[in-house]
Amino acid sequence: MKITAAITGVGSYVPDYVLTNAELEKLVDTNDEWIMSRTGIRERRILKGENQGTSVMGIKAVQRLLEKTGTNPEDVELLICATTTPDLLFPATANIISNGVGVTKAFSFDMNAACSTFLFALATGAQYIQAGTHKKVIVVGADKMSAIVDYTDRANCILFGDGAAAVLLEPSTD
C-alpha cells in the first residue's frame with residue numbers, strides 16, 4: 001500500500017493584542033468601510049513586548065499541537081518552520097522552537113518562500129513521510145508581520161497581523 005502523509009493534528013496561537021481598523025484610521029488615511037470593502041478584515045493580532053519574536057508564537061502553537069495530539073516531543077523527527085520573519089538568520093527559528101518545546105531528537109530548519117511558504121513546507125514535510133524515513137513531522141507556519149509592515153502604507157498595513165499554526169504529519173494508507 002502506498003504511504004501518504006496525513007495531517008493528524010493542528011495547533012495555533014495568536015497574540016492577545018488586537019489592532020482594529022479604528023486604530024489604523026489614526027495611523028494612515030483609511031477608514032473601516034474602505035478596509036472592509038476591500039479586504040473584509042476588521043482586526044488583526046499583534047505580538048507586543050521585548051524579545052517577542054516569531055519563535056514565541058511558534059512555540060505556543062507547537063505546545064498546543066503536542067498537547068492536543070498527545071505526542072511526546074522526543075518522538076518528533078523533523079520540525080520545519082515556514083516563515084518570512086525569522087527571529088534570526090542563525091540559528092533557524094525552527095531550532096529555537098524545537099528547543100523551546102523539547103523536540104530534541106529531530107532536525108529542524110526554516111523555509112521562506114513568501115506567501116507560499118506554508119504550502120511549500122507542508123509538501124516538503126510530506127515527502128519525508130511518503131519516503132518512509134519519518135513518522136512524525138511538524139510543520140509550523142509563523143510570522144510576526146508587524147515587525148516588517150510599513151504602518152504609513154495603507155495598501156499594506158491593513159492586511160497583516162501576527163500568529164502561528166502547527167500541524168503534525170504522520171503516515172497513512174487511507
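The values are calculated or read from the model by the stated rules, or taken from the named source; none is laboratory data. Small disclaimer: the values here were computed from a predicted structure and weren't measured. Here the Cβ positions follow ideal geometry from the backbone for every residue, glycine too, while neighbour counts run over all protein chains shown. Each accessible area value is taken on the protein alone, full model and side chains, heavy atoms only, with ligands, DNA and RNA left out. Shrake-Rupley method; radii C 1.70, N 1.55, O 1.52, S 1.80 Å.
Residue under question is residue 174, and the condition is that it be charged (D, E, K, R), closer than 27 Å to residue 43 by Cβ and not in a strand (DSSP E or B); does it hold? No, not satisfied. I'm checking my understanding of the structure. Among residues of the stretch 1-18 that are part of a strand (DSSP E or B) and among the hydrophobic types (A, V, I, L, M, F, W, C), which one is surrounded by the most Cβ atoms within 10 Å (Cβ to Cβ)? The selected residue is 5. On inspection, residue 55 fails the criterion of being among the polar types (S, T, N, Q), farther than 17 Å from residue 169 by Cβ and either open to solvent by 60 Å² or more (accessible area, probe 1.4 Å) or more than 20 Å from the chain's Cα centre (by Cα) (or both).
Might you check whether a residue that is outside any loop (DSSP other than H, G, I, E, B) and either within 22 Å of residue 13 (Cβ to Cβ) or open to solvent by 50 Å² or more (accessible area, probe 1.4 Å) (or both) occurs anywhere in the stretch 84-92? Taking every residue of the stretch 84-92 in turn, none turns out to be outside any loop (DSSP other than H, G, I, E, B) and either within 22 Å of residue 13 (Cβ to Cβ) or open to solvent by 50 Å² or more (accessible area, probe 1.4 Å) (or both).
If a residue must be outside any loop (DSSP other than H, G, I, E, B), out of contact with any strand residue (DSSP E or B) (no Cβ under 7 Å at 6 or more places or on another chain) and open to solvent by less than 70 Å² (accessible area, probe 1.4 Å), how many such residues does the stretch 22-46 contain? Here the count works out to 8. Which one is farthest from residue 76 (Cα to Cα) among residues in the stretch 104-151 that are part of a strand (DSSP E or B) and of a type in the set (Phe, Trp, Tyr)? Result: 109. Can you tell me which residue is farthest from residue 58 (Cα to Cα) among those in the stretch 88-116 that are among the hydroxyl-bearing types (Ser, Thr, Tyr) and modelled with pLDDT of 95 or more? Checked the stretch 88-116; the qualifying residue farthest from residue 58 (Cα to Cα) is 108.
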